[in-house]
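Accompanying notes for the structure given below.
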Amino acid sequence: MPDLFAGPGGIDVAARQLGIPLTGIERDPGAVATRRAAGLPTIHGNVRAHRPVDFDEDVLAGGPPCQTFSIGGTGKGRAVLDLLVDTVQLAGDRLWVSTPATLDERTALVLEPLRWILDAIRDRHPYRAIVLEQVPAVLPIWKAYAKVLEARGYHVACGVLNAEEYGVPQTRKRAALVARLDGPVALPSPTHRRYVKGVPRCDGDPALKPWVSMADALPGRSPFTVVSNYGTGGDPKARGRRDCDEPAFTVTGKISRFRLVDADGHELDRFSHAEAGQLQGFPADYPWSGRDISQQIGNACPPPLAHALLTAATA
């Protein structure tokens, strides 16, 4: 399974759990150091420098960089969504991706999975299954991908998922696409209840598990309250607090700015890298390495969510 923009290994951890062969392509040296410390097969390089013919695997996964699409990012990607959708549609007609010269280079990376998909189709070795994830703003692009894939015989499902509904101890929304050639496909069904502020986690559908709290994920911590460095959904005017018996706010590269206080308001030690990784769903002993570890963690796909997506696409 080529994993494009593989980061420190969120999708790959899940793939390894499922027995799916994988090779991650990642250009950031820090993330590569973490991947290699974790024993994940890795190519240190640019996704654009490789093609499907270089790999034998029949599953494709990827999470292109989100900085130009996220609410806390530059906004360049959100400003050109219509252009990106048109580019995807044209590429589907031609079986070739032609990137408009006016596109910001980082924004254009959201088209790279399509290049790999169309290259594989042209080479008569189409991927059996595809999994893509990104921030919610990218959903219109995934929907355009879906039309292209359906025209080529794929079954496709896409939508926005809530990470806590898959056992991740944080609230995090992701636009996901799953596709397969050999039969119907659907987005994974939630395994846990959705977090709603003020609603006890014992309430809700009894067929679903309660959402996972920060205290569940970090049992060695004494009781604490998190004071967010940003508002829910990235709105700086909506800064908030969450107690340890709730899921974390969305984990980003700025998680080190989260303040932790006890019941009396006294400052506590902030989250360590290991703890931040656990709030993403990584194992407690995951070997975070290299530079910019907080950014690596914030950029990663939560392994429990990746596990659900890969299962939906390949089972």
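Every number here is computed from the coordinates shown, using simple stated rules; none is lab data. Since the structure is predicted, the reported quantities are computational estimates derived from the model, not experimental observations. Note that each Cβ is placed from the backbone with ideal geometry, even for glycine, and that neighbours are counted across all protein chains shown.
Taking every eigenvalue of the Cα gyration tensor of the range 38-151, multiplying by 5 and rooting it, what semi-axes result, largest first, whole Å? Write out the running numbers ahead of the final one.
Working: eigenvalues 99, 65, 33 Å².
Sorted largest first and rounded, they come to 22, 18, 13 Å.
Need one number: % antiparallel among DSSP beta bridges in the chain, to the nearest 5.
Rounded to the nearest five, the antiparallel share is 60 percent.
Projecting the alpha carbon convex hull of the range 129-204 along each direction and taking the average yields 5.6 nm². Cβ crowding within 10 Å ranks 195, 145 as 195, 145, fewest other Cβ atoms first. Both radii were evaluated on the Cα set of the range 85-169; the Rg over Rh quotient, with Rh as the Kirkwood radius, amounts to 0.99. Under 5 Å from the amide H of residue 43 lie the amide H atoms of 24, 25, 26, each residue being 5 or more positions distant or on a separate chain, with H modelled from the backbone and absent for Pro and chain starts.
Seen from a random direction on average, the alpha-carbon convex hull of the chain projects onto 15.9 square nanometres. Here the sum of -39500 (n - 2.57) over DSSP H runs of 4 or more residues, divided by the residues of the chain, equals -8000 deg cm²/dmol at 222 nm, to the nearest 500.
By count of other Cβ within 10 Å, fewest leading, how are 255, 20 ordered? Spell out each step's value before the answer.
Numbers: 255 26, 20 21.
In order of increasing Cβ crowding within 10 Å: 20, 255.
For the chain, the longest principal axis of the Cα atoms and the long axis of helix 303-314 meet at an angle of about 30 degrees.
Neighbour counts of other C-beta atoms within 10 Å: give me 211, 116 arranged from fewest to most.
Numbers: 211 27, 116 21.
Ascending Cβ contact count within 10 Å gives the list 116, 211.
For residue 143, the lysines whose Cα comes closer than 28 Å to its Cα, not counting residues fewer than 8 places off in the same chain, are 76, 173. Mean projected area of the Cα convex hull of the range 214-291, taken over all directions, amounts to 5.4 nm².
Expressed as a fraction of 2.2 N^0.38 Å, the rule-of-thumb size for a compact globular protein of N residues, what is the C-alpha radius of gyration of the range 7-50? Don't skip to the answer; put the middle values down first.
Working: Rg = 9.9 Å, N = 44, 2.2 N^0.38 = 9.3 Å.
Rg over 2.2 N^0.38 Å, computed on Cα atoms: 1.07.
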